[in-house]
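The block underneath contains the structure these notes are about, expressed in structure tokens.
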Amino acid sequence: MGKDWRDYLALAALTLLLCTFLFGGCTQNSEDAAMDATPTPAKTDPFELNRRLGRGVNLGNALEAPQEGEWGMTLREEYFKLIGDAGFDAVRIPIRWSAHADESEPFTIDPAFFERVDWAIEQAMSNDLLAVINIHHYEEIMQDPQAHKGRFLALWKQIAEHYQGYSAELLFELLNEPNTGLGPSTWNTFLQETISAVRQSNPKRALVVGPANWNNVSMLGFLELPDDDNLIVTVHYYDPFQFTHQGAEWVEGSDPWLGTTWEGTEIEMSGVLRSLDAAASWGEKHNRPLFLGEFGAYGKADIDSRARWTSFVAREAEKRDMSWAYWEFGAGFGVYDRARRGWNQRLLDALLPQD
Ligand code: GLC
């Protein structure tokens, strides 16, 4: 009798275990099936994703030109491999979508251009690089935001739907460097609307957003973000501007700055630290991860100064848990010298020290 009682108990326990396993398994399986059916990636913690964004490089001057190649830079398969092999974690891909979409409703994006961007993203992913895509150089929206708002939202609707099935390693950055007419308060409204438009097809993807006035750190205080906990906040850093943009053809009056050095004096360093501290304390206060999406010194500055500044900014950003992307890979600021087909070793070591 005692034996039977124990047997029943054992049988009951076994049944319970089996049920739990089966039902648990069933629930798990149906959840998996549901996951497979949904086209969106699982939600990632934005702080964790930002750590994975880590150290990156901008593929500038290619898809941000009016037509790829027009600014001398065409993306090639080998660049993604070089970037991955060198030890970078991510690429930021600036894209001028506005030059590849109809001017009138429904503002259709050229399918051939989409294919080119698909290819670039796939190259990044097959080299274990996270990819940040953005809308870059939509100059017209800076001049007349209201006139271009509908088109801007339509571009994002198409981009977001097109990439909704891509993994969480693809991040959307809403707009590079809002400026001029697209000032802080207009930009705050645009942000709200664009985020909710993108969220319709991508409820769980991390989005990258930055403040007005060219993503300047000093404008973070004016940035108003919606109640969305999956945002990474980006800033750009090019100070002292007369050093980083000396002789830049697109910056009027920058020739007299030629010869400006960056020696890493106390005063020079404290300028960098003040800005990065301000960004970091904003991030802490608002509980948002930070991405230094652009920083770099143009190739007309001397290489010693460039290497010193680049390494200082990168290390100080890292100390403040900021991910970063150097501006840029293979053009005027190039960490890679396409003519020589080799890395600019001083800059590469400044970015990715060998220790
Ligand atoms: C911004 C501009 C880009 C420029 C870079 C450095 O990203 O959009 O064209 O090269 O800053 O000045």
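The values are calculated or read from the model by the stated rules, or taken from the named source; none is laboratory data. On a predicted model such as this, the values are computed, not experimentally measured, just so you know. Note: ideal-geometry Cβ built from the backbone for every residue, glycine included; neighbour counts use all protein chains shown. Protein only, heavy atoms only, side chains kept; ligands, DNA and RNA dropped before computing areas. Shrake-Rupley method; radii C 1.70, N 1.55, O 1.52, S 1.80 Å.
The three principal axes of the Cα atoms in the stretch 129-175 give end-to-end lengths of 34, 19, 9 Å, sorted in falling order. Other residues with beta-carbon under 12 Å from the beta-carbon of L347 carry, at +1 per Lys or Arg and -1 per Asp or Glu, a net charge of -1.
Accessible surface calculations at 1.4 Å, restricted to protein heavy atoms, place the chain at 47 Å² per residue. Here the spin labels are modelled as points 7 Å beyond Cα on the Cα-Cβ line, and at K285 and D304 they lie 4.0 nm apart. Taking amide H as placed 1.01 Å from N in the peptide plane, the amide H of V208 sits under 5 Å from that of F172, E173, L174, I232, each at least 5 places away or on another chain.
Each other residue within a Cβ distance under 13 Å of E268 adds +1 if Lys or Arg and -1 if Asp or Glu, for a net charge of -2. Close amide H partners of D337, meaning residues 5 or more places away or on another chain with modelled amide H under 5 Å apart, are G342, W343, N344. Rounded to the nearest 20 debye, the dipole magnitude of the chain is 680 debye, with +1 charges on Lys and Arg beta carbons, -1 on Asp and Glu beta carbons, and the Cα centre as origin. List the pairs from K149/K285; K81/K149; K43/K285; K43/K157 whose alpha-carbon separation is above 28 Å, in the order I gave them. Violating the 28 Å Cα-Cα cut-off are K149/K285; K81/K149. For the stretch 99-250, the spherically averaged projection of the C-alpha convex hull amounts to 10.1 nm².
With contacts taken as Cα pairs under 8 Å and at least 6 residues apart, the chain reaches a relative contact order of 17 percent. Taking every DSSP helix (H) stretch of at least 4 residues in the chain, weighting each as -39,500 (n - 2.57) and dividing the sum by the residue count yields a mean residue ellipticity at 222 nm of -15000 deg cm²/dmol. With only Cα atoms counted, the chain has Rg and Dmax values of 23.9, 102 Å.
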